[in-house]
Amino acid sequence: MAHVVNARKQCTVNPLKMSQPLGGALAFLGIENSMPLFHGSQGCTAFGMVLLVRHFRESIPLQTTAMNEATTILGGYENLEEAILTIHKKNTPALIGICSTGLTETKGDDGAGYMKLIRQRHPELADTALVYASTPDYKGCFQDGYAAACSAIIETMVPQGPGARRERLLNLLPGCHLTPGDVEAIKETAALFGCEMTALPDLSGSLDGHVADHFTPTSLGGTTQEAIAQLGAAQHTIAIGEHMRGPAELLQQRCGVPCTVLPRLTGLLPCDAFVALLAELSGKEVPQSLRRERSRLVDAMLDGHFFFGGQRIAIAAEPDLLIALGHFMAEMGATLHAAVTTSDAPGLAGLPMDQVLVGDLADFEQHAAGADLLVTHAHGRQAAQRLGVPLFRVGIPIFDRLGAAHAVHVGYRGTMTLLFALANMLLESHDTNAHRHGHPAPVQDTDNHARENLATC
Amino acid sequence: MHSATLDEVFQEPGCAKNQAKNATERKKGCTKALKPGAAAGGCAFDGAKIALQPVTDVVHLVHGPIACEGNSWDNRHAASSGPMLYRTGFTTDMGELDVIYGAEKRLFRAIAEAIAKYDPPAVFVYQTCIPALIGDDLEAVCKAATAKHGRPVIPIDAPGFAGSKNLGNKLAGEALLRYVIGTEEPEITTPYDLNLIGEYNLSGELWQVKPLFEAAGIRIAACISGDARYRDIASCHRSRANMLVCSKAMVNIARKMQERYGMPYFEGSFYGIGDMSDTLRQSAQLLVSQGAPDDLLERTAAVIQKEEQRAWARLEPYREHLAGKRVLLITGGVKSWSVVAALQEMGMVVIGTSVKKSTEEDKARILEIMGEQAHMFEELSPREMDRMLRDAQADIMLSGGRSQFVALKAKVPWLDINQERHHAYAGYDGMVNLVAQIHHTLSNPIWQQVREPAPWESSAKPAAEG
Ligand code: SF4
């Protein structure tokens, strides 16, 4: 059991956290033909765009209502209206996803009221979905903004009331700690059970780094409007990550779709729970191919556990990513040496360690001293260098490595890939350390041991 | 935000962009309202940070909610030869209560915390939108903190919503003029002391040109702000002359230093062989006019001759590969014409260039270099860019990261020549680097592979057509 402790500093040093609107934008980017729009000053959009572009290595559609000091004080209705009309005219998106920012929230802009007024005044926007999410920068973090946008999409676009239930139509509400590759892997697993799965949002269609035939100024793919309208007709909703509980329960309230929130999908037991759920929902046997994947993961755990045992791991990540990785490390036999996160969220207390710190990467650097491996986003590179400890990059942003969108760390196969990557990193640093200190590290002994055993078999 | 400062900055007579405008246009200055829903570019805070962040040994503290610093810190490649403090991100990370009750006290304590932990020679405090809106008095807090800690705590009053990045550059310059420049005395001075203004040492570009100045005998006393220490800038008023690197950023510093200290300045560029030589020559001339011994001119001429020869010799092998290749040039910070000239020397054909950020003077120069067939784009939308590239009008596009994927998705070679790039293109070696990179990119074997349709698609096609 962990105590969640706030670092309580006046000055945040080397931020771990990113702001809510950015998380909101990511959710909207997973809807087909959409244009996220920040209701705020231009700079927030520019920073957000640069960050996402560098992470995904893709063009990122993102616009701004370009508020300045005067328009902020007078209220942002006109800018919002003009932005929506301009985007509609120039880019004809199916959806404009508006995220408020700290600036317009401080002023107290009435987003819901504005949206009503715009709808009334502009019948020409009838075919464009307008979704408004309240995402002030001075509250919450990235994953909260993402969840808020998902809830706003459901609230605005999913018709209320129980639809005609369709068997084997499932909803997936993937948390923002899942990559486009993760989302695709989950959908493929569901398909093995003959289930059709609608992901909301679906980054595997939009930010999976593919080459389209034509240039599009809006998102390149993602959940379609029709699919969103059908969310209420699903047999069941599966949400991954505690922060997706809100949207999942909202959908349940509105349309009566029962839901299961899986806190994570990395590690043998969580994967088993997911597969068992699919088997139950579909009424089908677990297919042979999946049994085989499970068996491979079990084998990987047997091979890999030597290298995790007793290793001290320090993790800094948004709550649900921390929960997923922290438990997995512990389940492989590693010790959670330090954990830093961005906000106090449900589930953190369950981590097998004494304390989880709500803080920044300077806190992380301080507490991670003595760890064997650091796990955080690319901004951890300075701490890793100073501490001389290897860094395994996870989450957003990862701007100094390729392939962030394609990393798969969920499901049996994804867990196995993650396990190998981590084990190899631990191995390598032990090899170098062993050479540096001039004596073999314990890990190498185990390795030799394994080899000897192999030889005698 | 001081409206007096703003007015002054907008009326900046030394700004070529402003000089080219008439009186009413000038009044409007850089306040030109952005179009909601069709705007691009960073805010004034972003601009101020770009201009000052390269100062390596101070704490850069951003007063605002997490959006401003959390989404953007440590994202540029300004290099340091010593202190690494500038790469540490500091922010007050304002929460809801700070917004409701004001965050001046919090800021004051944050400054104290940063000083206690990192002991910097100075703290730069950046204003952002929300504290500006709720009326946090940045200047008063900084004044109190300066008094308490006995070291400069400098307000950089450029909240995002005040305007564009360019405005932010200038407001950063104002802050240096008001609070930093001239507050300390240098340890040594020589008749060969020159300051560089507006060079940020991105990817270490300063280090490509510094040795050239040194070889001629010119000492770069201070650089604003690439690889700078606080004290260099505080004492840079004792140098003999200023070189202004980009005409639009921080021209106010050069002009006001001339006014205050009688220091002459000239505008120059490090991009392109001819430009680099001009810059060295002008630096030497200016220093000599300020009393430096005139053998400096000869030494400079010798350096130029040797370096030019060496550069051309190194470029020669590329000419045969690059001659006749068509380039689409979309630049921001780097002056279009200096790159155009260099590419033309290689026999490349520049089929068009963007002039969105260029002054009238720049445009005239481009016309001169490229001739009548020059396509100058005020605004090239991604859609049009895509069309041009797919129509194979260009063999390669050089641009900033923003349009990178337009080129790549059209399967057209692309090279980054803006701020986020990883390669240094300044000086003679830089130009050789740029040409080498263009060659590597153009001659990469992937282009042929990725343009080839999959076998089943190419075989299906003729059948369908037949
Ligand atoms: S526009 Fe304002 S709130 Fe947004 S990043 Fe710039 S300073 Fe911060």
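The values are calculated or read from the model by the stated rules, or taken from the named source; none is laboratory data. Computed from a prediction, not measured in an experiment: that's the story for all the values here. Backbone-built Cβ (ideal geometry, glycine too); neighbour counts: all protein chains shown. Each accessible area value is taken on the protein alone, full model and side chains, heavy atoms only, with ligands, DNA and RNA left out. Shrake-Rupley method; radii C 1.70, N 1.55, O 1.52, S 1.80 Å.
Structural remarks
- Odd one out for residue A:114, checked against (1) within 16 Å of the ligand (Cβ to nearest atom); (2) assigned to a helix (DSSP H, G or I); (3) out of contact with any Cys (no Cβ under 9 Å at 6 or more places or on another chain); (4) without any contact (Cβ under 8 Å) to a residue 40 or more places away in the chain: (1)
- Filtering B:74, B:98, B:119, B:57 for residues that are surrounded by fewer than 24 Cβ atoms within 10 Å (Cβ to Cβ), within 16 Å of the ligand (Cβ to nearest atom) and over 30 Å from residue A:76 (Cβ atoms) leaves a single hit, B:74.
- Here residue A:286 fulfils each of the conditions (1) over 17 Å from residue A:420 (Cα atoms); (2) assigned by TED's automatic domain parsing to the domain that holds residue A:427 apart from (2).
- Breaking point among (1) open to solvent by less than 40 Å² (accessible area, probe 1.4 Å); (2) modelled with pLDDT of 95 or more; (3) within 7 Å of another protein chain (Cβ to nearest Cβ), for residue B:87: (1)
- Qualifying positions in the range B:150-170 - under 20 Å from residue B:123 (Cα atoms) and more than 12 Å from the ligand (Cβ to nearest atom): B:150, B:151, B:152, B:153, B:154, B:155, B:169, B:170
- Residues (within 13 Å of another protein chain (Cβ to nearest Cβ) and out of contact with any helix residue (DSSP H, G or I) (no Cβ under 8 Å at 6 or more places or on another chain)) located in the range A:106-120: A:108
- Any hit, the range B:63-77, residues being modelled with pLDDT of 95 or more and either more than 14 Å from chain A (Cβ to nearest Cβ) or touching a Lys or Arg at 6+ places or on another chain (Cβ under 7 Å) (or both): yes
- Only a single item in (1) within 24 Å of residue A:210 (Cβ to Cβ); (2) open to solvent by less than 20 Å² (accessible area, probe 1.4 Å); (3) away from every other protein chain (no Cβ under 11 Å); (4) away from the ligand (no atom under 16 Å from the Cβ) is not met by residue A:2, and it is number (1).
- Tally, over the range B:211-225, of residues that are assigned to a helix (DSSP H, G or I) and either of a type in the set (Phe, Trp, Tyr) or within 17 Å of the chain's Cα centre (by Cα) (or both): 1
- Lone qualifier among A:238, A:186, A:228 - being over 30 Å from residue A:327 (Cα atoms), touching a residue at least 24 places away in the same chain (Cβ under 8 Å) and of a type outside the set (S, T, N, Q): A:228
- Residues in the range A:70-91 that are at pLDDT 95 or above and surrounded by fewer than 21 Cβ atoms within 10 Å (Cβ to Cβ) were compared, and the one that is farthest from the other protein chains (Cβ to nearest Cβ) is A:77.
- In the range B:150-160, the residues that are open to solvent by 10 Å² or more (accessible area, probe 1.4 Å) and within 14 Å of another protein chain (Cβ to nearest Cβ): B:157
- Here residue A:178 meets each of (1) in a loop (DSSP other than H, G, I, E, B); (2) within 21 Å of residue A:398 (Cβ to Cβ); (3) at pLDDT below 95 with one exception, condition (3).
- Take the conditions (1) outside any loop (DSSP other than H, G, I, E, B); (2) more than 7 Å from chain A (Cβ to nearest Cβ); (3) open to solvent by 10 Å² or more (accessible area, probe 1.4 Å); (4) more than 16 Å from the ligand (Cβ to nearest atom); residue B:111 misses just one of them, which is (3).
One line per residue, one yes/no per condition, for (1) part of a helix (DSSP H, G or I); (2) within 16 Å of the ligand (Cβ to nearest atom); (3) within 14 Å of chain B (Cβ to nearest Cβ); (4) aromatic (Phe, Trp, Tyr):
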residue	(1), (2), (3), (4)
A:130	no, no, yes, no
A:138	no, yes, yes, yes
A:153	yes, no, no, no
A:159	no, no, no, no
A:164	no, no, no, no
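- Breaking point among (1) outside any helix (DSSP H, G or I); (2) more than 9 Å from chain B (Cβ to nearest Cβ), for residue A:67: (2)
- When the range B:381-395 is filtered for residues that are surrounded by fewer than 20 Cβ atoms within 10 Å (Cβ to Cβ) and of a type in the set (A, V, I, L, M), only B:392 remains.
- For the range B:374-418, a residue qualifies if it is part of a loop (DSSP other than H, G, I, E, B), within 11 Å of chain A (Cβ to nearest Cβ) and of a type in the set (A, V, I, L, M), and exactly one does: B:410.
- Qualifying position, being more than 7 Å from every other protein chain (Cβ to nearest Cβ), hydrophobic (A, V, I, L, M, F, W, C) and within 16 Å of the ligand (Cβ to nearest atom), among A:103, A:26, A:52, A:22: A:52
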